[in-house]
Structure formats: C-alpha cells, structure tokens
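Here's the structure, in structure tokens; my notes come after.
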Amino acid sequence: MVDRREFLMTTLAAAGGGAAAEAVSPETRLTAEAQAPVQAAPLFPGFETRKVATSGATIHTVRGGSGPPLLLIHGYPQTHAEWHKIAPRLAQSFTVVMTDLRGYGDSTKPADVRTTATTRSGRWRSTRSR
C-alpha cells in the first residue's frame, strides 16, 4: 500500500527523475510500479494507464510523452478525460501525468467518505419526510 505522498513522489520520479527520483526509496518505487499492469489509454494514443493502490483509494493514472514532468489535475466534476485534446500536444515536450482524483472517474474512494450526491439526497429525504 502506498500513501498519497509516496504516490505523488513515485509518479514524478518515474516521469522525470531528478530530485523526486532521489527522494523515493527503491522499495516504494518497486511497490508502486508493481501495483497493476500497464494498459493503453483509449482516449490518449501513445499513453499508458495504471492503477495505484494508496492508503484509502486506488488512483487511476495516465502517463505519456517525454521531458520534464507535467502533472495535470482535473477540476470538479471532471476526470482525466478533460485533457484528451491538449495532452498529446503537451506530450511532445513533457512527460504528461494525469490522474483521476479519488472518488472521480476510474479512481476509487474510501468506503467511509460521503459524496456530495449522497449528502444532498440525504438532506432531500430528511426535509421531505417532515
């Protein structure tokens, strides 16, 4: 199991090396890369996709290109797919890393975390039953 900080450091180390690569222990690097097999990303030709188990969630990542690392984080309520038009062009100059935040897209969320949808529907039910 990799915690979120180790996950970020490992992803950046794999993407571009440098100081981030030196900060990640070899055990963490091996654990993160052995998490799941690499697969092709349908919306992103030439990119690879992985699932990384962290403490509390499995994070979906898509990575491609070469050069300095560039981490693209989607907004609410999007997923990594929002970058499908720009990522191939960025990959010409950068190692592009895209993730689905926990609870979004193909990433999971901890079982004890309530989503906005369940919170709102719970409020709706409680106000309706009055």
Notebook entry, point to check: Could you count how many residues in the range 81-106 are at pLDDT below 95 and in a loop (DSSP other than H, G, I, E, B)?
Noted result: 10
Next item on the list: Taking the options L72, L8, name whichever one is buried (at least 16 other Cβ atoms within 10 Å of the Cβ), modelled with pLDDT under 90 and either outside any loop (DSSP other than H, G, I, E, B) or within 12 Å of the chain's Cα centre (by Cα) (or both).
Entry: L8
Next item on the list: Search the range 47-72 for residues being in contact (Cβ under 8 Å) with a residue 40 or more places away in the chain and touching a Gly at 6+ places or on another chain (Cβ under 7 Å), and hand back the single one that is farthest from M98 (Cα to Cα).
Entry: P68
Next item on the list: Take the residues in the range 75-98 that are without any contact (Cβ under 8 Å) to a residue 60 or more places away in the chain and hydroxyl-bearing (S, T, Y), then tell me which one is surrounded by the most Cβ atoms within 10 Å (Cβ to Cβ).
Entry: T79
Next item on the list: Go through the range 75-98 residue by residue and tally those that are of a type outside the set (G, A, S) and under 13 Å from V62 (Cα atoms).
Entry: 10
Note to self: With the structure loaded, tell me whether G65 is at pLDDT 65 or above and either under 21 Å from F94 (Cβ atoms) or over 15 Å from the mean Cα position of the chain (by Cα) (or both) or whether it fails that test.
What the structure shows: yes
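The values are calculated or read from the model by the stated rules, or taken from the named source; none is laboratory data. None of these values were measured; they are calculated from a predicted model. For neighbour counting, all protein chains shown are included, and Cβ atoms are generated from backbone atoms with ideal geometry for every residue, glycine included.
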